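Enquirer: The structure is given below, and queries will be raised subsequently.
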Amino acid sequence: MSRRERNGQWLRVRQAADLLGVSPTTVRRWADAGTIASRRTPSGQRRFSRHDLERQMATGEGSAPVAGDDPLEQRFQLLLDTSVELSSTIELDEVLQSAARRLTATLGIPDCDIYRLEGDHLVCLASAFAGDFDGSWVGEEVNLCDWNLDRAAVETGRAQTVSSLDDPRLSEMDRAVMRPYGQRSQIAVPLIARDKVIGVVDLLDHVERDFTADDIAAAEALGQLVALAIEHAQLYDEVKRLHLGNLRALSSALSAKDHYTLGHAGRVAAYSALLAQELGWPDDRVNDLQNVAFLHDIGKIGVSDRVLLKAGPLTSEEWELMRQHPGISAEIVRPLFDDELVAGVRHHHERYDGSGYPEHLAGHDIPLVARAMCVVDCYDAMSCERPYRHALSYRDCLAELRRGAGTQFDPAMVEAFLPALDKLRRRRMQVARLARQAARLIDPARHALLRTRADEERPEYREMVGALRAFRAAHAPVRFVTTYALVDDRCVTVLDTGESEDDLSHVGDLWLADDEVARVLAGERLSANVLDADDFGVWVSGTVPLRDADGGVGAALTVDVPVLGTIERTDRSDRSHTLAAMLQAAAIRFSRAEVEAITDGLTGLYNHRYLHERLEEELERARRRGSSVSLLFFDCDEFKRYNDLYGHKAGDAALARIARITEGCSRRVDLAARYGGEEFVLVLVDTEHEGALTVAERIRSEVESTSAAGDRPLTVSVGVASFPDDAAAKDELLDKADWAMYAAKRAGRDRVLSFRDGLVTRDTWLSRRGR
């Protein structure tokens, strides 16, 4: 034998060994024993003998893989073709369909079912009937103990065969399933990966058939390739799912930084699903859209929290940073989604008229997914509270969508989204009716007795929680029923049906009230048509007041029903939860560190340094727009004496109380800061002098009245100055408001004076810094 012939022989044996996952020595041993056999030929059945193998190896005959060639070469080529086909994709559905086709075509057996082993059950992953892929059997779940042949294959790890329905190894369940499909004989092949049975392949013929060792060897060899392909696809899905879960955790962490964007990602994902369903998109596409929409703002991880959490308008430099986030988001999600979905994330801030960003695309040049995402993203923004404006009513949201059709939005997307919103409105009405029914189970007087965790031992708690749980059980769509109350201006949970001890909120637990709960507790009527999102999912919620005997709102009750088809949260038992939680905690810690750098620790207001940065920006913006900015400078009167009388702890509490009053008298767009010590500054954006005086008087009055109510009198003196009438620059504006504040103190304290007031301008103005 020449060197070339010996090399060819070795390569063929090595190729067979690699495909079968065994050593070359094992291949030779199988060949010696006749285990490696050829396919059935028209002339009948025959095993492949040692003489055939020796002749093929010695002469290299039959090296071309064509019909009629040497059987061993055909087997090698078959395994090679199968391996190439199965390894051409890592999408599990495609792998399974390819495997089913390959198995039926190779063995001349018309029917093939591929099952995954889950405990003591088999779940069908793919099915071929009469040579065609059959989706009707996919998803069927059977008990392994009912199918004798499959159970034997799993227990022994070896292929099992029956040649007819009369075989005593078949159970009655086996026969009952096979007869309607005309199936008479079967091979059950265990799928083994890493020495573990992960499933079974059933190959079923419509004639009684004695399966040869040839058939069995081919089925086992192909089954091993199928098992490895399935395992690789499942590992890929697992890695992809873990990656997606971690990105969702980071996205949730970004939203959690600010109450006003909390749940935004989940709501946009759910609205996207509702719109896609209205457009008639297939279920798998709807699911992919939900996942990518949940991550549409993940790129904001690259934007400073000082920009993301800024209450006032952004500067041109800050806007440039914000405009980068869609591109960053697209690059982050690229490994998980196809090009169309990635393009949707990149361009979801494009406008239909071409004035959007990042590439100023217009009309149908904007990717379809981006046009859909733009509509739902904007709807969520306008229907929920934001730092720079209040939420719009449902009617105003509809008007805004129609007004933007053709300029900001694709008109076709708006027309499709409006019916989806109407369906949501009707569903919210149904859930609200359920909430009113649940509210009848609550006695407001007894409910008012429950305010701390210790109250869970009271009979009132057990009776009312039990009634709400029974109500939930009787109304299948309902997942949660919860009541809330205000305690010292804080929203707390009172009754929670929960789903387990891990998911249960206790009496007195603080709760960051969403827009609906906050408005109901405030006695307002709801006018929004929105979804509610939290760590547990996305919900259609109904919130109703619980009124006391006098008709006042003493508490609120919420019923939550999951939105059909929305992304569910990752199970707490999921092994990705730990890493996802760590990533989320790290993101929040990073966010907190950055926010703390610009925040006063005692009062929670912005600090002196950030005040100077923002004030400069607001004045520059006002110059460009020709608008006004007013500044209030106020100081606690005789604060040293207050500390001496009541102690420094009481003094700190007084400063924190003044900070809350200041926030309550201002808008989110305004800037409240602790200037230093007992001095505070409030910057009122787009506010004329007269409006500033009104706000200043309200602050002064509330400080005086709340302090008097606590029997520890404390007052403030307030100075007011405005841009551009009183000052043209930042330092000048601060100095003149400061001077007006000291003039108020000289005039008797506990009053408001503006710089232009006669009591101030009567004296020569001098900067305190210059004296």
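The values are calculated or read from the model by the stated rules, or taken from the named source; none is laboratory data. Keep in mind the model is a prediction, meaning the values are calculated, not measured. Here the Cβ is made from the backbone with ideal geometry for all residues, glycine too, and neighbour counts use every protein chain on show. Calculation scope for accessible area: heavy atoms of the full protein, side chains included, ligands and nucleic acids excluded. Shrake-Rupley method; radii C 1.70, N 1.55, O 1.52, S 1.80 Å.
Enquirer: Sort out which residues of region 601-650 are surrounded by fewer than 17 Cβ atoms within 10 Å (Cβ to Cβ) and among the aromatic types (Phe, Trp, Tyr), and write them in order of number.
Expert: Tyr646 - this is the single residue of region 601-650 that is surrounded by fewer than 17 Cβ atoms within 10 Å (Cβ to Cβ) and among the aromatic types (Phe, Trp, Tyr).
Enquirer: Could you list, in sequence order, the residues of region 166-221 that are among the small types (Gly, Ala, Ser) and either without any contact (Cβ under 8 Å) to a residue 24 or more places away in the chain or open to solvent by 70 Å² or more (accessible area, probe 1.4 Å) (or both)?
Expert: Result: Ala176, single match.
Enquirer: Considering each of Thr694, Thr687, Thr662 in turn, give the residue that is open to solvent by 30 Å² or more (accessible area, probe 1.4 Å) and among the hydroxyl-bearing types (Ser, Thr, Tyr).
Expert: Exactly one residue qualifies, and that residue is Thr694.
Enquirer: Taking interchain pairs and intrachain pairs at least six residues apart, which have beta carbon atoms under 6 angstrom, with the first residue in region 396-413 and small (Gly, Ala, Ser) and the second open to solvent by less than 10 Å² (accessible area, probe 1.4 Å) and in a helix (DSSP H, G or I)?
Expert: Partner pairs satisfying both residue conditions: Ala405/Val414.
Enquirer: Scan region 312-371 residue by residue and report those that are open to solvent by 60 Å² or more (accessible area, probe 1.4 Å) and closer than 19 Å to Ala276 by Cβ.
Expert: If the condition is that a residue be open to solvent by 60 Å² or more (accessible area, probe 1.4 Å) and closer than 19 Å to Ala276 by Cβ, then Asp338, Asp339, Glu340, His364, Leu368 are the ones that fit.
Enquirer: List the residue pairs whose Cβ atoms are under 6 Å apart, where the first residue sits in region 621-642 and is among the charged types (D, E, K, R), the second is open to solvent by less than 20 Å² (accessible area, probe 1.4 Å), and the two are 6 or more positions apart or on different chains.
Expert: Within 6 Å, the pairs are Asp635/Ser717; Asp635/Met741; Asp637/Ser717.
Enquirer: Here is a further query. Would you mind stating whether Cys124 is among the hydrophobic types (A, V, I, L, M, F, W, C), open to solvent by 50 Å² or more (accessible area, probe 1.4 Å) and either at pLDDT 85 or above or in contact with a Cys (Cβ under 6 Å, 6 or more places away or on another chain) (or both)?
Expert: For Cys124, the condition - among the hydrophobic types (A, V, I, L, M, F, W, C), open to solvent by 50 Å² or more (accessible area, probe 1.4 Å) and either at pLDDT 85 or above or in contact with a Cys (Cβ under 6 Å, 6 or more places away or on another chain) (or both) - is not met.
Enquirer: Now for a different question. Answer yes if at least one residue in region 392-412 is in a loop (DSSP other than H, G, I, E, B) and within 25 Å of the chain's Cα centre (by Cα), and no otherwise. Lay out the reasoning, then the answer.
Expert: Step one: list which residues in region 392-412 are in a loop (DSSP other than H, G, I, E, B), which gives 392-393, 406-408, 410.
Now narrow it down to the ones that are within 25 Å of the chain's Cα centre (by Cα): 392.
Looking through region 392-412, at least one residue is in a loop (DSSP other than H, G, I, E, B) and within 25 Å of the chain's Cα centre (by Cα).
Enquirer: Okay, moving on. Provide a single number: the residues in region 656-707 that are closer than 13 Å to Val629 by Cα, among the charged types (D, E, K, R) and in a helix (DSSP H, G or I).
Expert: Looking only at that region, the number is 1.
Enquirer: Within the group Cys145, Cys124, which residue is without any contact (Cβ under 8 Å) to a residue 40 or more places away in the chain and in contact with a Gly (Cβ under 7 Å, 6 or more places away or on another chain)?
Expert: Sole residue among the options that is without any contact (Cβ under 8 Å) to a residue 40 or more places away in the chain and in contact with a Gly (Cβ under 7 Å, 6 or more places away or on another chain): Cys124.
Enquirer: Across region 667-684, which residue is modelled with the highest pLDDT among those that are under 27 Å from Glu385 (Cα atoms) and open to solvent by 30 Å² or more (accessible area, probe 1.4 Å)? Give the derivation first.
Expert: The initial filter retains those residues of region 667-684 that are under 27 Å from Glu385 (Cα atoms), namely 667-674, 680-684.
Filter again for open to solvent by 30 Å² or more (accessible area, probe 1.4 Å), leaving 667-668, 674.
On the way: Arg667: 80, Arg668: 69, Arg674: 92.
The qualifying residue modelled with the highest pLDDT is Arg674.
Enquirer: Right, another one. With (1) in contact with a Pro (Cβ under 9 Å, 6 or more places away or on another chain); (2) under 19 Å from Leu495 (Cβ atoms); (3) open to solvent by 10 Å² or more (accessible area, probe 1.4 Å) as the list, and Gly523 as the residue in question, which single condition is left unmet?
Expert: For Gly523, the exception is condition (2).
Enquirer: Please determine, by comparing only the residues of region 708-736 that are outside any loop (DSSP other than H, G, I, E, B), at pLDDT 90 or above and over 47 Å from the mean Cα position of the chain (by Cα), which one is farthest from Phe755 (Cα to Cα).
Expert: Our first condition is that a residue be outside any loop (DSSP other than H, G, I, E, B); within region 708-736, this holds for 708-709, 716-723, 730-736.
Now restrict to residues that are at pLDDT 90 or above: 716-723, 730-736.
Checking the rest, the ones that are also over 47 Å from the mean Cα position of the chain (by Cα) come to 717, 719, 732, 735-736.
Working: Ser717: 13, Gly719: 7, Glu732: 11, Asp735: 10, Lys736: 6 Å.
Among residues in region 708-736 that are outside any loop (DSSP other than H, G, I, E, B), at pLDDT 90 or above and over 47 Å from the mean Cα position of the chain (by Cα), the one farthest from Phe755 (Cα to Cα) is Ser717.
Enquirer: Sticking with this one: Would you mind telling me which numbered condition in (1) more than 17 Å from Ser527 (Cα to Cα); (2) buried (at least 21 other Cβ atoms within 10 Å of the Cβ); (3) of a type outside the set (Gly, Ala, Ser) Tyr379 fails?
Expert: (1)
Enquirer: Exactly one of these conditions fails for Pro419: (1) closer than 30 Å to Leu546 by Cα; (2) surrounded by fewer than 19 Cβ atoms within 10 Å (Cβ to Cβ). Give me its number.
Expert: Answer for Pro419: the failing condition is (1).
Enquirer: If the requirement is being open to solvent by 60 Å² or more (accessible area, probe 1.4 Å), of a type in the set (D, E, K, R), touching an Asp or Glu at 6+ places or on another chain (Cβ under 7 Å) and farther than 30 Å from Cys374 by Cα, which of these qualifies: Arg433, Arg446, Arg453, Arg462?
Expert: Exactly one residue qualifies, and that residue is Arg446.
Enquirer: For region 747-760, enumerate the residues that are at pLDDT 90 or above and basic (Lys, Arg).
Expert: Passing the criteria: Arg749, Arg751.
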